[in-house]
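No value in this document is a laboratory result; all are computed from the given coordinates. Remember, it's a predicted structure, so these values are computed and weren't measured experimentally. Neighbour counts run over all protein chains shown; Cβ positions are idealised from the backbone, glycine included.
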Amino acid sequence: MTQVQRSQSTLRVRPLSGHIGAEIEGLDLASLALDNRDNEGFATLKSLFLQYQVVILRNQTLTRDQHIALGKRFGDLHVHPMAKGPEGYPEIFPIEADANSSNDPKDIRGGKRAVNGGHWHSDVSCDVEPPLGSLLYLRDVPEYGGDTLFSSGYAAYEALSPALQSLLEGLTAVHSGEATYRLHYGHQAAKDRSQFGFKNGADYPEAVHPVVRTHPETGRKSLFVNRGFTREIVELSHTESQALLEFLYRHQETPEFTVRLNWTPNSLAIWDNRCTQHRAIFDYSGLARRGERVTVKGDRPYFSETASAVEWGLVG
Ligand code: SIN
């Protein structure tokens, strides 16, 4: 446990694994959301988020408006291309499994949405400008199960041989919303086509991104492909692309690059979509798990040979 001294209080940071994830104690998110003047508190939270890639804060009491206000401290909020928020709150992405939820595939196909994010993905990576990060606040959690797995794209990239790193750095991949969104939302057309990437009149967003992206704030390189949205590597044949993507997915799922977040009621997790992917585990059939996610807009992924954390002023 690391202690960070702030002017009036002490904040405790407990890393949760070797490469990704930390639990933070000693920050009250409601006051941080409301008080734009607490720049020291927010700067500390932001730098822990950048360092650990996913952070969890427990026993937080947040109204929906405070949750939204906290998200806005990270940047403008994203509106999901398919999911509908509660009346008057388009920026809220509901996460809801009630006691009738089923993980039977035919129920999901029938439109009974059992669980969001039950596959490895980086949120909405099919957008031309995928989200920077997400803030998920869970009020109700099942008495067992319902954890979320996260994987570090930095650790996965850094563990590859230099020869494979340099091959991947020249590649781009198509990310499409179709497979995931057709399952959850059927043929309902995406909301505002002008905001998202569409090709040839398709009903689902689609974008091409580098396979390795440079994080715009830390300068670190991260793998940026995921099972949920990545469809094909543009520069390779279909067979080569499928084989390489499958290798990269499995590589990123290596337990040493991951952390498993265990939720308690009224916890808020904040993750960086630019260098992580995650998977919600649906192992609590018949129990409720409810909350809301606020998602922060990001920018267009790029790869830079030269950018480094030193250049971005974060280290050195
Ligand atoms: C998501 O993909 O945003 C959902 C994660 C979760 O429910 O744990």
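Skipping prolines and chain starts, which residues have an amide H placed within reach, meaning under 5 Å, of the one on residue 77, given they are 5 or more residues away or on another chain?
297
Full-extension gain between residue 59 and residue 34, please, as 0.36 nm times their residue separation minus the C-alpha to C-alpha distance. Write down the numbers at each step before the final one.
Details: separation 25, 0.36 × 25 = 9.00 nm, distance 1.73 nm.
Gain on stretching residue 59 to residue 34: 7.3 nm.
For residue 46, which aspartates and glutamates qualify as cross-link partners when the Cα separation must be under 12 Å and same-chain residues fewer than eight apart are set aside?
Hits, sequence-local ones excluded: 217, 272.
What per residue convex hull volume, in Å³, do the alpha-carbon atoms of region 2-296 yield? Walk me through the numbers on the way to the answer.
Values: hull volume 40.2 nm³, N = 295.
Here the figure is 136 Å³ per residue.
Could you run the Debye sum over the Cα atoms of region 131-178, one equal point scatterer each and no solvent, and tell me log10 of I(q)/I(0) at q = 0.21, 0.27, 0.29, 0.31 Å⁻¹, two decimals?
-0.98, -1.12, -1.15, -1.17
Quick one: length gained pulling residue 143 to residue 239 fully straight, 0.36 nm per residue minus the C-alpha distance?
Value of the extension gain: 30.2 nm.
Taking 8 Å as the Cα distance limit and 6 or more residues as the minimum spacing, I'd like the relative contact order of region 2-296 as a percentage.
Working: 621 pairs, mean separation 97.0, N = 295.
Across region 2-296, relative contact order equals 33 percent.
Order 28-40, 65-77, 219-231, 142-154 from most to least packed using the mean count of other Cβ atoms within 10 Å. Let's see the in-between values first.
Working: 28-40: 15.1, 65-77: 18.0, 219-231: 24.2, 142-154: 19.7.
For the peptides 28-40, 65-77, 219-231, 142-154, the packing ranking is 219-231, 142-154, 65-77, 28-40.
Determine the principal axes of the Cα atoms in region 1-70, then give the extent along each, sorted from largest to smallest and rounded to whole angstroms.
Sorted largest first, the three principal extents are 34, 26, 20 Å.
At 0.36 nm per residue, minus the direct Cα-Cα distance, what do residue 183 and residue 158 gain on full extension? Give it in nm, one decimal, please.
So the extension gain works out to 5.6 nm.
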